[in-house]
Amino acid sequence: MNLWAIIAVVTASVAGMELLAWWAHKYVMHGWGWGWHRDHHEPHDNALEKNDLYGIVGAAMSISMFALGSPLVAGDYAWEPATWIGLGILGYGIIYTLVHDGLVHQRYFRWVPKRGYAKRLVQAHKLHHATIGKEGGVSFGFVIARDPAKLKAELKRQRQAGIAVVRESAGA
C-alpha cells in the first residue's frame, strides 16, 4: 500500500471507532452490557472499574487486526490493510484513554479546561453522567461532543417524558 492509502485507512479506522464506540456505548454499555458499565456511573474509590474490561475488548480488536495483517501470523492469507486498521484502533484507544479517562474523569492527570473544545468534551460527558441508571441519557460519543446547551435541553425533554431520571445537580 502507498503512504496515502495507509494514512486514509488509519484515519478512517479512528473515525470508524468513534462511530462504533458511540453505538456500543448507547446500545451495549447502556443495554445488555450494563453489568460491566454500571460502576463507571456510580461513585467509588477503586483504581479500576469493571468498565475497564471494555478497553480489553478494544485491545483485542486491535491485536486481531494486527494478526490478520501479519504474514508471520496469517501467512499467505495476511491482509495488509488489517495492520493499518489495527493501528487506527490502537490510535483511537490512546485518544480515548487520554480524553475520556484522563481529561474527563481525571484518572491520570488534573486539568480542568476553561474554554474551547476540551471544555465542551468535559461538559458533554458530565451531562452524560447526569442520568441515574442506564435509561435515557445524552452524549454517547467519546471524542465528538454536541453543544452542551442542546444536550441539556434533550435531558430536560427525556426527564419530562419519563425516559430518564436526571440528577438534580444537572440543572436539566
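The values are calculated or read from the model by the stated rules, or taken from the named source; none is laboratory data. Keep in mind the model is a prediction, meaning the values are calculated, not measured. A quick note on method: Cβ atoms are made from the backbone with ideal geometry, for glycine too, and the neighbour counts reach across all protein chains shown. Remember, those area values only see protein heavy atoms, side chains included, never the ligands or the DNA or RNA. Shrake-Rupley method; radii C 1.70, N 1.55, O 1.52, S 1.80 Å.
Here the accessible area of region 22-79 is 68 percent carbon and sulfur, with a 1.4 angstrom probe and all protein chains present. Average accessible surface for the chain: 60 Å² per residue, computed with a 1.4 Å probe over protein heavy atoms with every protein chain in place. Taking Cα centre as origin and charging only the Cβ of basic (Lys, Arg, +1) and acidic (Asp, Glu, -1) residues, the dipole magnitude of the chain rounds to 1000 debye.
Taking 20 Å as the limit for the C-alpha separation, the pairs 126/152; 26/119; 50/119 exceed it in the case of 26/119; 50/119. Spin-label pair residue 5-residue 126: with each label point 7 Å from Cα along the Cα-Cβ axis, the two points sit 4.7 nm from one another.
Atom-type composition of the exposed protein surface of region 80-172 places 59 percent of the accessible area on carbon and sulfur (1.4 angstrom probe). Site-free segments of the chain were taken between trypsin sites (Lys or Arg not before Pro) in DSSP loops having at most 10 other Cβ atoms within 10 Å, sites themselves excluded; the longest one is 1-109. Here the Karplus relation 6.51 cos²θ - 1.76 cosθ + 1.60, evaluated at θ = phi - 60°, turns the backbone of region 14-27 into coupling constants of 4, 5, x, 5, 5, 5, 5, 5, 4, 4, 5, 5, 6, 9 Hz, with x for every Gly and Pro.
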